[in-house]
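Visitor: Below you will find the structure I want to go over with you.
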Amino acid sequence: MDIKWSKRIEDLPPYLFAEIDAKKNALLKKGVDVIDLGVGDPDIPTPSNIIDALKDAADDPENHRYPSYQGMLPFRQAAADWYKERFGVELDPENEVVALIGSKEGIANTPLAFINPGDVGLFTDPGYPVYPTSISFAGGVPVSVPLYKENDFLPDLKAIPESTLSKSKLLFLNYPNNPTTAVADKAFFEDVVEFAVSNNILICHDAAYTEIAYDGYVPPSFLEVDGAKECSIEFHSLSKTFNMTGWRIGFAVGNKKAIGGLGKIKTNIDSGAFQAVQHAGIEALKNHTLGLDDRRKLFQERRDIFCKGLDAIGLAYTKPKATFYVWFSVPEGMSSKEFSSKLLEEAGIVVTPGNGFGDAGEGYARVSTTFSTERIIQAVERLKEVKF
Ligand SMILES: *Cc1c(COP(=O)(O)O)cnc(C)c1O
């Protein structure tokens, strides 16, 4: 028997962090105290009111059976209520909201609903690697739209050739953006609506970081803009807002036909999120402001510590208004990979090389502030000792 992987797996791009991971593990084996600022996964626990809601719901046998595919109506209602309160956007919980097993699940399944083999799926670069992978898993052709610092890391949609647009079915966008930390205003979203409608391209907006913002900045939802519901679907995650990455709960909202398409795929692939976790999600959304300012304050404090460190060694960055990352330029004459290897070898610090998020990320690196303040202070001290 000769088991062969499918072409879709064989064709996956090489795992760019494999080398860094191997180096990190070798150093750990030697007893080096490695500070890993790579992954965006909050170090602080989920708020206790949410944990208590899960505990109660787990005791109830009602929740032990198969959940409904599209999510419990009370969960979808809580998502709709939160959208109304937070963004002023009206949603029909019956057919404009679907529960997700984490937003990654919804993002990965979306191209299956809208891409036929050979169709183009657009995605911004640098970006979340799931966008291009999910487009190719659906038989589509992923085409990147680069994000440049000169354009404040917003895509130049007018630069996409007509020959590409005519084959494109969807565009993945993500603001506040991971990894660049860029934000988008409503004027930009208005341009995107016009672009979507005139080219018949579904906008798939990944809104994972709308609640992680600083200095009074309030990120908008794509759906706040007129006409957005005609042309878009927006993904939301409870992971980043409520320190719930391990719980696997999120939701998608937006155009009824688009939500229905995603729902159809999900009906045939999964059987919904554990109802007890949905009950915990309801608790999170109903009391969404509980502790949120304190969490923001903590990430902001860490952001400022790291940015001061970058100032001290003279590396360029734009101070993030949102997300729990800092995106900065590597020293002149160095590649992202050379920079991150040097930091690991000479200072025992793991940062993510920017090109790991796509070709347009070359020349940058990303750190996450989801690690203890003490470790971030230590990392900055070590960083100052490295000679570039
Ligand atoms: C973390 C993250 C997600 C996924 O979040 P889950 O809801 O935990 O699956 C999606 N998009 C971006 C850009 C992220 O950084």
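Visitor: Give the residue, chosen from Lys257, Lys240, Lys264, that is basic (Lys, Arg), under 18 Å from the mean Cα position of the chain (by Cα) and open to solvent by 10 Å² or more (accessible area, probe 1.4 Å). Let's see the steps before the verdict.
Guide: On the way: Lys257 fails: under 18 Å from the mean Cα position of the chain (by Cα); Lys264 fails: under 18 Å from the mean Cα position of the chain (by Cα).
After ruling out the rest, the residue left standing is Lys240.
Visitor: Also, I was wondering about something else. Limited to segment 351-372, what total is found for residues that are within 15 Å of Arg303 (Cβ to Cβ) and open to solvent by 30 Å² or more (accessible area, probe 1.4 Å)?
Guide: Here the count works out to 2.
Visitor: Taking the criterion of being more than 17 Å from Val98 (Cβ to Cβ) and free of Cβ contacts under 8 Å to residues at least 24 places away in the same chain, would at least one residue in segment 266-280 satisfy it?
Guide: no
Visitor: Looking only at segment 130-142, count every residue that is within 22 Å of Ala208 (Cα to Cα) and open to solvent by 10 Å² or more (accessible area, probe 1.4 Å) and tell me the total. Lay out the reasoning, then the answer.
Guide: Step one: list which residues in segment 130-142 are within 22 Å of Ala208 (Cα to Cα), which gives 130-135, 142.
From the residues that got through so far, the ones that are open to solvent by 10 Å² or more (accessible area, probe 1.4 Å) too are 130, 132-133, 142.
Looking only at that region, the number is 4.
Visitor: Residue check: is Lys149 open to solvent by 50 Å² or more (accessible area, probe 1.4 Å), of a type in the set (Lys, Arg) and within 15 Å of the ligand (Cβ to nearest atom)?
Guide: Details: open to solvent by 50 Å² or more (accessible area, probe 1.4 Å): yes; of a type in the set (Lys, Arg): yes; within 15 Å of the ligand (Cβ to nearest atom): no.
Against the criterion (open to solvent by 50 Å² or more (accessible area, probe 1.4 Å), of a type in the set (Lys, Arg) and within 15 Å of the ligand (Cβ to nearest atom)), Lys149 does not qualify.
Visitor: Another question, then. If you go through segment 95-107 one residue at a time, do you hit one that is in the same structural domain as Ile259 (by TED's automatic domain parsing), buried (at least 22 other Cβ atoms within 10 Å of the Cβ), touching a residue at least 24 places away in the same chain (Cβ under 8 Å) and basic (Lys, Arg)?
Guide: no
Visitor: Out of (1) in a helix (DSSP H, G or I); (2) free of Cβ contacts under 8 Å to residues at least 40 places away in the same chain; (3) touching a Pro at 6+ places or on another chain (Cβ under 7 Å), the odd one out for Gly139 is which?
Guide: Answer for Gly139: the failing condition is (1).
Visitor: Name the pairs whose Cβ atoms lie under 6 Å apart, with the first residue in segment 371-388 and in contact (Cβ under 8 Å) with a residue 60 or more places away in the chain, the second open to solvent by less than 90 Å² (accessible area, probe 1.4 Å) and small (Gly, Ala, Ser), and 6 or more positions between them or separate chains?
Guide: Val380/Gly309; Arg382/Ala347; Leu383/Gly309; Lys384/Ala312; Val386/Ala347
Visitor: Show me the helices (runs of 4 or more DSSP H) found entirely inside segment 285-388 where at least 2 residues are closer than 30 Å to Phe251 by Cα.
Guide: Numbers: elements: 292-313, 336-347, 373-385.
Passing ranges, in order: 292-313.
Visitor: Determine whether Asp56 is open to solvent by 30 Å² or more (accessible area, probe 1.4 Å), part of a helix (DSSP H, G or I) and away from the ligand (no atom under 16 Å from the Cβ). Give the derivation first.
Guide: Values: open to solvent by 30 Å² or more (accessible area, probe 1.4 Å): yes; part of a helix (DSSP H, G or I): yes; away from the ligand (no atom under 16 Å from the Cβ): yes.
For Asp56, the condition - open to solvent by 30 Å² or more (accessible area, probe 1.4 Å), part of a helix (DSSP H, G or I) and away from the ligand (no atom under 16 Å from the Cβ) - is met.
Visitor: So, one more: What number of residues in segment 206-231 are small (Gly, Ala, Ser), within 16 Å of the ligand (Cβ to nearest atom) and more than 20 Å from Pro47 (Cα to Cα)?
Guide: Filtering segment 206-231 down to residues small (Gly, Ala, Ser) leaves 207-208, 213, 216, 221, 227-228.
When the remaining residues are screened for being within 16 Å of the ligand (Cβ to nearest atom), the result is 207-208, 213, 221.
From the residues that got through so far, the ones that are more than 20 Å from Pro47 (Cα to Cα) too are 207, 221.
Residues meeting the conditions: 2.
Visitor: Further question on the same structure: Taking Asn178 and the conditions (1) open to solvent by less than 10 Å² (accessible area, probe 1.4 Å); (2) under 20 Å from Pro42 (Cβ atoms), which numbered condition does it fall short on, given that it satisfies the others?
Guide: (1)
Visitor: Checking Ser271 against (1) open to solvent by 20 Å² or more (accessible area, probe 1.4 Å); (2) at pLDDT 95 or above; (3) under 30 Å from Glu94 (Cα atoms), only one condition comes out false. Which one?
Guide: Result: Ser271 passes all but (2).
Visitor: Give just the number: which of (1) more than 22 Å from Ser68 (Cα to Cα); (2) away from the ligand (no atom under 16 Å from the Cβ) does His288 not satisfy?
Guide: Failing condition for His288: (2).
Visitor: Looking at (1) within 22 Å of Trp247 (Cβ to Cβ); (2) over 26 Å from the mean Cα position of the chain (by Cα); (3) surrounded by 12 or more Cβ atoms within 10 Å (Cβ to Cβ), which one does Leu28 not meet, given that it meets all the others?
Guide: Every listed condition holds for Leu28 apart from (1).
Visitor: Only one of Asp81, Asp92 is touching a residue at least 24 places away in the same chain (Cβ under 8 Å) and part of a loop (DSSP other than H, G, I, E, B); which? Walk me through it before giving the result.
Guide: On the way: Asp81 fails: part of a loop (DSSP other than H, G, I, E, B).
Exactly one of Asp81, Asp92 is touching a residue at least 24 places away in the same chain (Cβ under 8 Å) and part of a loop (DSSP other than H, G, I, E, B), namely Asp92.
Visitor: Pairs under 9 Å by beta carbon, first residue touching a residue at least 40 places away in the same chain (Cβ under 8 Å) in segment 313-325, partner in a loop (DSSP other than H, G, I, E, B) and basic (Lys, Arg), six or more apart or different chains?
Guide: Thr323/Lys240; Phe324/Lys240
Visitor: Quick one: what pairs do we get from segment 235-262, first residue among the charged types (D, E, K, R), second away from the ligand (no atom under 16 Å from the Cβ) and part of a loop (DSSP other than H, G, I, E, B), C-beta under 6 Å, 6+ apart or different chains?
Guide: Lys256/Asn95; Lys256/Glu96
Visitor: In this structure, does Ala347 turn out to be farther than 24 Å from Lys29 by Cα and among the aliphatic types (A, V, I, L, M)?
Guide: On the way: farther than 24 Å from Lys29 by Cα: no; among the aliphatic types (A, V, I, L, M): yes.
For Ala347, the condition - farther than 24 Å from Lys29 by Cα and among the aliphatic types (A, V, I, L, M) - is not met.
Visitor: Further question on the same structure: Restricting to segment 96-136, name every residue that is touching a Lys or Arg at 6+ places or on another chain (Cβ under 7 Å), more than 15 Å from the ligand (Cβ to nearest atom) and under 28 Å from Ala365 (Cα atoms).
Guide: Once the filter is applied, which keeps residues that are touching a Lys or Arg at 6+ places or on another chain (Cβ under 7 Å), more than 15 Å from the ligand (Cβ to nearest atom) and under 28 Å from Ala365 (Cα atoms), segment 96-136 yields Gly121, Ser136.
The values are calculated or read from the model by the stated rules, or taken from the named source; none is laboratory data. Here the structure is a predicted model, which is why all the values come from computation and not from measurement. All Cβ positions, glycine included, derive from the backbone under ideal geometry; neighbour counts span all protein chains shown. Ligands, DNA and RNA are stripped out before the accessible areas are found, and what is left, the full protein with its side chains, is counted by its heavy atoms. Shrake-Rupley method; radii C 1.70, N 1.55, O 1.52, S 1.80 Å.
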